[in-house]
Amino acid sequence: MSSTERKIKVLIAKPGLNGHDRGAKVVARALRDAGMEVIYTGLRQTPEQIVETAIQEDVDVVGLSILSGAHMTLLPRVVQLLREKGMDDVLVIAGGIIPTDDIPKLKEAGIAEVFGPGTPLKTIIEFIKKNVRRKG
Amino acid sequence: MRYNVEELVQKLIQGDKFATARLISLAENDPTTAQKIISLIYPYTGRAHVIGVTGPPGSGKSTLVYRLAKEWRKRGKTVGIVAVDPTSPFTGGALLGDRIRMQELTCDDGVFIRSMATRGSLGGLARATKDVVRILDASGKDVIVVETVGAGQSEVAIVRIAHTILVVLCPGLGDEIQVLKAGIMEIGDVFVVNKADREGADETAMQIEDMLNMASTIRFNETGWIPPVVKTSAVYNRGISELIDRIEEHWRFLKKMDKDIYFRRRVEQDVIEALRSKIEQMALNHVMKNEKYNELIEKVANKEIDPYTAADIILNGVIRSEEKEPEENE
């Protein structure tokens, strides 16, 4: 029955201080069209707000879009807070403007994958479907 | 990872957010688990004042809910918010954006917000919305606000969940208010003209009052409550305190009423609703096990018989086999 089907729940969030969310919205819509339930929270979120939302909404995935250059501070902070709050089974991915040199460091900090400009939407969808850890 | 429902319920009752969120997911994903959860938490429910917020898209429901929550917090109350958005019937996906207007509430420990997709349910709510309200109730929230899908006409499912229903309209709807009367105009306990900073707010308020005077709708006569019309501007934070006063007035009015007329009847409706869905499920499960079932579907597909005749044949078969073995259930 479709009403009892389990859905992948994704939080798309924009940490920090930049006002550009075209990319985040495009990804949010693509994930919706792939059958996921996507929560979009708007601009200028603190890591605390993002993690609080992830808890209340009990999401499987957190997607962080960042173009401000503050990714080395904000992204690991989100992962750290998620772990502290017991949400360590959440898949965290990132997108936006992130220099390739920083990507290994972000992965070390717990970001599962980084999707730069030009990434086909299908790649993101497939990555989520393959790597999400469904809660039982 | 498996979760122990009993353990989660213990934590829920102490107001734990993580347990609240996880129990909501479990109730959303599986009706059998939902039933187990409800059976454990039911003694702890029934304390919260449940408020439904409905109205056409763009009337400012989310912003209004945000302002109301802020005001309730000022008055020392804790708040649960359930924001329902539609699921796409084509992809099964949903985009839930009500939190955009409620960002400032996110880190307040006295507020819990949950977005819900309708997942194929009609009537402006999801199947599990009522259970989600019960879970928030058991977690100790004083006020629970349910924001429905903004469709306008037929979202009356909220009547079975909320004690007090706000119908949110705004200036410029004009004749549309006339159109709305058949649907949501009949369910409002408090009418809100939001965006009252805009031109035409007084006219809209007057039109609503006219309509309410004309409509001798059953629901109002039953209780004797006369729905007030309140003008607000959620963006500018105007009229919110007055609106809450009216909402609380309605709550006091309901609590003063004879328990037999109101609260007992609601509980009875809950039982009937549960019964109805169980009977339907039971009957369908039973019928679909019938050996003739697939054969009949085939016949309908080949246009040998029509769906009604197929249903009759199945039902007759079921009734006859029931007569033969009345001990079928146990």
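The values are calculated or read from the model by the stated rules, or taken from the named source; none is laboratory data. These figures come from a predicted structure and were not determined experimentally. Backbone-built Cβ (ideal geometry, glycine too); neighbour counts: all protein chains shown.
A few comments on the model shown:
- Here B:PHE112 fulfils each of the conditions (1) part of a loop (DSSP other than H, G, I, E, B); (2) under 27 Å from B:SER39 (Cβ atoms) apart from (1).
- Residues being in contact (Cβ under 8 Å) with a residue 60 or more places away in the chain and either touching a Phe, Trp or Tyr at 6+ places or on another chain (Cβ under 8 Å) or in a loop (DSSP other than H, G, I, E, B) (or both) - total across the stretch B:82-97: 1
- Some residue of the stretch B:47-59 being among the charged types (D, E, K, R) and crowded, with 21+ Cβ neighbours inside 10 Å: no
- Being touching a residue at least 12 places away in the same chain (Cβ under 8 Å) and more than 9 Å from chain B (Cβ to nearest Cβ) is a description that applies to A:ILE128.
- Within the stretch B:254-268, if we keep just the residues that are at pLDDT 85 or above and within 21 Å of the chain's Cα centre (by Cα), the residue that is farthest from B:VAL159 (Cα to Cα) turns out to be B:LYS255.
- Strands (runs of 3 or more DSSP E) fully within the stretch A:1-93 counting 3 or more residues that are more than 11 Å from chain B (Cβ to nearest Cβ): A:61-66
- For the stretch A:82-108, the set of residues classified as under 14 Å from the mean Cα position of the chain (by Cα) and touching a residue at least 24 places away in the same chain (Cβ under 8 Å) consists of A:LEU82, A:MET87, A:ASP89, A:VAL90, A:LEU91, A:VAL92, A:ILE93, A:ALA94, A:GLY95, A:GLY96, A:LEU106, listed by residue number.
- Any hit, the stretch B:62-81, residues being in contact with a Leu (Cβ under 7 Å, 6 or more places away or on another chain), more than 9 Å from every other protein chain (Cβ to nearest Cβ) and part of a strand (DSSP E or B): yes
- Checking each residue in the stretch B:37-52 for being in contact (Cβ under 8 Å) with a residue 24 or more places away in the chain and either in a helix (DSSP H, G or I) or small (Gly, Ala, Ser) (or both) picks out B:ILE37, B:ILE38, B:LEU40, B:ILE41, B:TYR42, B:TYR44, B:GLY46, B:ALA48, B:GLY52.
- Which listed residue, of B:ILE135, B:ILE100, B:ILE165, is within 14 Å of chain A (Cβ to nearest Cβ) and more than 28 Å from A:ILE125 (Cβ to Cβ): B:ILE135
- Residue in the stretch B:34-47 that is touching a Gly at 6+ places or on another chain (Cβ under 6 Å) and at negative phi present: no
- Residues within the stretch B:1-36 that are in a helix (DSSP H, G or I) and either in contact with a strand residue (DSSP E or B) (Cβ under 8 Å, 6 or more places away or on another chain) or within 14 Å of chain A (Cβ to nearest Cβ) (or both), tallied: 23
- Here the stretch A:73-99 is the region considered, the condition is being out of contact with any helix residue (DSSP H, G or I) (no Cβ under 7 Å at 6 or more places or on another chain) and over 24 Å from A:HIS20 (Cβ atoms), and the residue that is surrounded by the fewest Cβ atoms within 10 Å (Cβ to Cβ) is A:GLU84.
- Subset tally (residues that are polar (S, T, N, Q), in contact with a helix residue (DSSP H, G or I) (Cβ under 7 Å, 6 or more places away or on another chain) and in contact (Cβ under 8 Å) with a residue 12 or more places away in the chain) for the stretch A:1-44: 1
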